[in-house]
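Written below as structure tokens is the structure these notes are about.
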Amino acid sequence: MRRDHFELDVEHIDWVDTDADPEKPHVSIVFNGSQDLLRDRLTNAEGELLAAEETDVAYRLREDHESDPDAEGVVSVTNRLTGEFVLELNEQASDVFQFIRAAREYGRADDGDGRYHVDIRVGDEELVTYEKETFLVYDAEGNLLRAESLIPSGVEL
């Protein structure tokens, strides 16, 4: 599956810069390809779709985001148990950091059901939906950027 076969749409992040009420950030990832291929990658050894706790969401920068305002990177969803990539797509660092900021602020007002919502679709059909609290950010060399990451308190990595 190619990165350009995916589209990412984000909602509920603008409230952070206004006086609006907090809304849980929502990411929709749409795959423009074979449903069977994506479903296979989202399926565990028992033949069931991966649960939220069986997946990780991360962002890997390709360049230094501090010196380049147009820096890009790769958003990925991985199978936590096998380490295999489920999907990857390109995204600008500024957009990802704005999303993480909204998720972090929402977490401060959160009622315990996660800091952001992710759904993965093929066209109009939703395959999975997850409530997530963690979003790890890595630099181009693969080092974890704790300050930029969304890590719940009490979690040790």
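Structure notes:
- Some residue of the stretch 4-14 being at pLDDT 90 or above, surrounded by 13 or more Cβ atoms within 10 Å (Cβ to Cβ) and at positive phi: yes
Conditions (1) surrounded by 14 or more Cβ atoms within 10 Å (Cβ to Cβ); (2) at pLDDT below 90, marked per residue:
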{"site": "Q35", "(1), (2)": "no, yes"}
{"site": "D40", "(1), (2)": "no, no"}
{"site": "G47", "(1), (2)": "no, no"}
{"site": "E53", "(1), (2)": "no, no"}
{"site": "G73", "(1), (2)": "yes, no"}
{"site": "L89", "(1), (2)": "yes, no"}
{"site": "D110", "(1), (2)": "yes, yes"}
{"site": "H117", "(1), (2)": "yes, no"}
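- Of all residues in the stretch 128-140 being buried (at least 17 other Cβ atoms within 10 Å of the Cβ) and of a type in the set (A, V, I, L, M), the one that is farthest from G107 (Cα to Cα): V128
- Within the stretch 1-48, tally of residues that are over 18 Å from R115 (Cβ atoms), in a strand (DSSP E or B) and of a type in the set (V, I, T): 2
- Any hit, the stretch 145-154, residues being of a type in the set (G, A, S), under 17 Å from the mean Cα position of the chain (by Cα), surrounded by fewer than 14 Cβ atoms within 10 Å (Cβ to Cβ) and at pLDDT below 95: yes
- Test result for E91, part of a strand (DSSP E or B) and either under 24 Å from W15 (Cα atoms) or out of contact with any helix residue (DSSP H, G or I) (no Cβ under 6 Å at 6 or more places or on another chain) (or both): yes
- Residue within the stretch 31-45 that is closer than 20 Å to L81 by Cβ, free of Cβ contacts under 8 Å to residues at least 24 places away in the same chain and under 19 Å from the mean Cα position of the chain (by Cα) present: yes
- Listed by first and then second residue, the pairs with beta-carbon distance under 7 Å, at least 6 apart or on different chains, first residue in the stretch 113-128 and under 10 Å from K24 (Cα atoms), second of a type in the set (D, E) and not in a strand (DSSP E or B), are G114/E133; R115/E133.
- Tally of residues being hydroxyl-bearing (S, T, Y) and either farther than 15 Å from L136 by Cα or not in a strand (DSSP E or B) (or both) across the stretch 58-86: 2
- Meets criteria (in contact (Cβ under 8 Å) with a residue 12 or more places away in the chain, in contact with a Ser or Thr (Cβ under 9 Å, 6 or more places away or on another chain), surrounded by 17 or more Cβ atoms within 10 Å (Cβ to Cβ) and in a helix (DSSP H, G or I)) for I100: yes
- Every pair of residues 6+ apart whose Cβ atoms lie under 7 Å, when the first sits in the stretch 142-155 and is under 15 Å from Y116 (Cα atoms) while the second is hydrophobic (A, V, I, L, M, F, W, C) and at pLDDT 90 or above: S149/F135; S149/L136; S149/V137; L150/I100; L150/A103; L150/F135
The values are calculated or read from the model by the stated rules, or taken from the named source; none is laboratory data. Because the structure is predicted, anything quoted here is derived from the model rather than measured. Backbone-built Cβ (ideal geometry, glycine too); neighbour counts: all protein chains shown.
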